[in-house]
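The values are calculated or read from the model by the stated rules, or taken from the named source; none is laboratory data. From a predicted model like this one, the values you see are computed outputs, not experimental measurements. Cβ placement follows ideal geometry from the backbone for every residue including glycine, while neighbour counts extend to all protein chains displayed.
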Ligand SMILES: Cc1cc2nc3c(=O)[nH]c(=O)nc-3n(C[C@H](O)[C@H](O)[C@H](O)COP(=O)(O)OP(=O)(O)OC[C@H]3O[C@@H](n4cnc5c(N)ncnc54)[C@H](O)[C@@H]3O)c2cc1C
């Protein structure tokens, strides 16, 4: 079952209500090849908070599974203090973590890791890798790699097909780092999707009008801007560029309330509803 649809979310809720009656071990994580680990971390910390609210936390052994070589790597070789902060969170909230592992098999009652570890589980949520949509898969002329994302130049024009452009998730982004034994991919979050969408719109206009040099910005050079929800807490992630080398990079915890996450959502919806998408 996929949690990222309204129906999937509602059935996950029903499953958790069932779980409450018979609590047991839980496994949350990202599988090999996954790239948007932040979203899985969010689910982990939100679920941990929910377990405490339901007063069943002590009955639940909570496990985190990730292909990242260390906590807070996020597919971009981490951010300053990120590993220390997430390790602290794991210790504080009594979460057992397994880094640098893939998932070999999922059964009704367990998750079997690539290193042979078998973790019992009454409930699990695992984030798989993102892949391109079916129309890309059905268009072999686009010459996409196995992940079905579109190969583009830094202008977000297809590498060889001049009338094809891609923005956001659809763009193929090569990992900037050497992969370890367990592969993972780069995060493709909302902010770079927004930025590349604007670049494509401007470049298409320039191409039609035949004016000016096309705008270029490699994915890894787009600023990092993200708020990670962590169960009525949050971690604000800001950097001048997503990939290293970076001039500055900050991870700021806010343990009082997830204020910025809520603010960002309200601001984004306000902007889109009024057609003000040119705003940052
Ligand atoms: C569980 C989860 C949590 C996330 N959390 C965060 C977060 O906290 N912060 C953050 O910044 N990012 C987050 N992301 C990533 C973020 O959602 C993506 O970066 C962003 O949605 C990408 O935008 P997009 O427009 O490129 O693609 P999408 O949002 O996927 O939009 C593509 C659209 O195209 C439509 N479509 C597909 N095929 C066709 C077709 N043939 N014809 C017409 N339409 C079609 C789809 O239905 C979809 O509406 C999360 C992702 C997931 C899965």
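Within region 17-24, at least one residue is in a helix (DSSP H, G or I) and surrounded by 17 or more Cβ atoms within 10 Å (Cβ to Cβ).
Among the conditions (1) in contact (Cβ under 8 Å) with a residue 40 or more places away in the chain; (2) more than 16 Å from the ligand (Cβ to nearest atom); (3) more than 16 Å from the chain's Cα centre (by Cα), residue 115 misses just one, which is (1). Give the residue that is farthest from residue 85 (Cα to Cα), with candidates limited to residues of region 25-50 that are more than 12 Å from the ligand (Cβ to nearest atom), in a strand (DSSP E or B) and in contact with a helix residue (DSSP H, G or I) (Cβ under 8 Å, 6 or more places away or on another chain). Out of the qualifying residues, it is 26. Might you let me know whether region 152-160 holds any residue that is more than 28 Å from residue 244 (Cβ to Cβ), in contact with a strand residue (DSSP E or B) (Cβ under 7 Å, 6 or more places away or on another chain) and modelled with pLDDT of 95 or more? No - not one qualifying residue is present in region 152-160.
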